[in-house]
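Here the structure comes first, spelled out in structure tokens, and everything after it is commentary.
The values are calculated or read from the model by the stated rules, or taken from the named source; none is laboratory data. Source: prediction; values computed, not measured. Neighbour counts are summed over all protein chains in view; Cβ atoms, including those assigned to glycine, are modelled from backbone coordinates with ideal geometry. Ligands, DNA and RNA are stripped out before the accessible areas are found, and what is left, the full protein with its side chains, is counted by its heavy atoms. Shrake-Rupley method; radii C 1.70, N 1.55, O 1.52, S 1.80 Å.
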Amino acid sequence: MPEHEADGQLAMPTHEVRDFLHRRREQIAQRWADEPLFRTVFTVSRDEAVEASKVVVDALAQVADSEQVEDPDAAGFSGVREQLARMGAARSRAGLSNTQVASELAALRPPVENLLAADLEEAPPEHLRACSTALTVLMGTLRLVAMQTALSEWQALSDRQRLQLMEVATPVIRLWDGVVAVPLIGTLDSARSQVVMETLLNAVVDQHARFAILDITGVPTVDSLVAQHLMKTVAAARLMGAQCIVSGIRPAIAQTIVHLGLDLDVITRASLADALGYALHELGADIVNPGAGQR
């Protein structure tokens, strides 16, 4: 039975919780290892789940020692953020929603509370309540830290997937020796415009292109910021020795550009075919329609 008094005084609730976590570290880890959050993430062996649980218990004890049980930014949590992020991401990949992951985190609290109540069964009721409250707050803060970390990881994953989708949706087509084209479909925003620039410039280098066609036939609208990005793309291509041609400007986009007073210092053509024809003419590779002039 632990000593609850020192020099006739009861220990502070947070320090009592700290001592309890140190004292019951092994038992807590063993119980947590059987909870879904640990059992389904650490699948190599049960010992792996136990060791991972001990790391979290140690972090909680450090936070309790600092008396910052309500602070998700407490230094003690820094050592387990990466682990919590991996655990949350693993459960998310398994198809669990944020609510379900939060429920699995909440399930870690009852085993610890039961052990604390057993340890302090002979302590004064007021002291037991104070320690239970401190532990409840501490476990709630752990849950908050885990969810914040997991959400950050999910957001980072979402951003990476979004970037990958933008790259897939921005193909570069080699139309002829020295001629590449980027047919754009859908909404253009600043992020996608940046991807367009990087993709096109890389293609100019890889294909040794002299002409780069930006076809925006499938773009419903262009605002001033996107137009500026396109112009920067044109300027960057020029610096690399390639001439840019913008094709497929819709009437609505043309009106928007005029209303915005943007100066498009760029060659434009009505369609991708016209732009290709211009590029081929400049390359001295005119194509003659054999049916032209026949009736």
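Hey, can you tell me all the residues within segment 99-122 that are open to solvent by 70 Å² or more (accessible area, probe 1.4 Å) and in a helix (DSSP H, G or I)?
Our first condition is that a residue be open to solvent by 70 Å² or more (accessible area, probe 1.4 Å); within segment 99-122, this holds for 99-100, 109, 114, 121-122.
Matches in segment 99-122: Thr99, Gln100, Arg109, Asn114.
Only residues that are open to solvent by less than 80 Å² (accessible area, probe 1.4 Å) and farther than 29 Å from Asp159 by Cα were counted across segment 208-249, and they come to 10.
More than 16 Å from Thr141 (Cα to Cα) and not basic (Lys, Arg): does that describe Leu60? Judged against the criteria, Leu60 is not a match. Every listed requirement among (1) modelled with pLDDT under 90; (2) acidic (Asp, Glu); (3) surrounded by fewer than 13 Cβ atoms within 10 Å (Cβ to Cβ) is met by Asp177 save one, (1).
Inspection of segment 121-135 identifies no residue that is among the acidic types (Asp, Glu) and in contact with a helix residue (DSSP H, G or I) (Cβ under 7 Å, 6 or more places away or on another chain).
Here Ala52, Ala64 are screened, and the one residue that is in contact (Cβ under 8 Å) with a residue 60 or more places away in the chain, within 22 Å of Leu135 (Cβ to Cβ), in a helix (DSSP H, G or I) and over 24 Å from the mean Cα position of the chain (by Cα) is Ala64. Applying the criterion of being among the charged types (D, E, K, R), in a loop (DSSP other than H, G, I, E, B) and farther than 20 Å from Asp189 by Cβ to the residues of segment 220-267, the residue that is modelled with the highest pLDDT is Asp265. Filtering segment 81-98 to residues that are free of Cβ contacts under 8 Å to residues at least 40 places away in the same chain and open to solvent by less than 70 Å² (accessible area, probe 1.4 Å) leaves Gln83, Gly95, Leu96, Ser97. What residue, among those in segment 11-45 that are within 36 Å of the chain's Cα centre (by Cα) and of a type in the set (Asp, Glu), is surrounded by the most Cβ atoms within 10 Å (Cβ to Cβ)? The extreme case among them is Glu35. Of all the residues in segment 118-139, those that are touching a residue at least 12 places away in the same chain (Cβ under 8 Å) and under 16 Å from Leu10 (Cα atoms) number 11. Inspection of segment 72-79 identifies at least one residue that is charged (D, E, K, R), within 17 Å of Ala150 (Cβ to Cβ), out of contact with any Gly (no Cβ under 8 Å at 6 or more places or on another chain) and assigned by the TED database to the domain that holds Val145.
Taking every residue in segment 182-196 that is part of a strand (DSSP E or B) and pairing it with any residue that is open to solvent by 30 Å² or more (accessible area, probe 1.4 Å), at least 6 positions away or on another chain, the pairs with Cβ-Cβ distances below 6 Å are Val182/Val172.
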